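In what follows, a structure is listed as structure tokens, so that the remarks can point back to it.
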């Protein structure tokens with residue numbers, strides 16, 4: 001259920017926000033609602049929780065047990081900046 005909300009925001013900011021929303025084919029209300037959803041969702045995620053994206057990438061790279069990742073990265077940087 002939608003509920004009306006009254007906000008006090010600088011007129012210039014509102015005009016710029018309307019332009020931004022118009023370019024993205026959305027309403028200012030929808031833009032603000034999506035922002036509030038993203039803010040409230042982030043607060044629910046624990047700091048140490050692994051996101052689904054990270055879980056999906058886990059195990060993609062297989063390194064030899066003998067490989068030294070710090071040395072490999074150092075070699076990469078040395079080659080990059082030669």
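The values are calculated or read from the model by the stated rules, or taken from the named source; none is laboratory data. This one's a predicted model, so the numbers in the text were calculated from it and none came from an experiment. For neighbour counting, all protein chains shown are included, and Cβ atoms are generated from backbone atoms with ideal geometry for every residue, glycine included.
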Next item on the list: For the range 35-61, name all the residues that are in a helix (DSSP H, G or I), modelled with pLDDT of 75 or more and under 15 Å from the mean Cα position of the chain (by Cα).
Entry: 35, 36, 37, 38, 39, 40, 41, 52, 53, 54
Notebook entry, point to check: If only one of 12, 79, 64 is modelled with pLDDT of 95 or more and loosely packed, with under 10 Cβ neighbours inside 10 Å, which one is it?
Noted result: 12
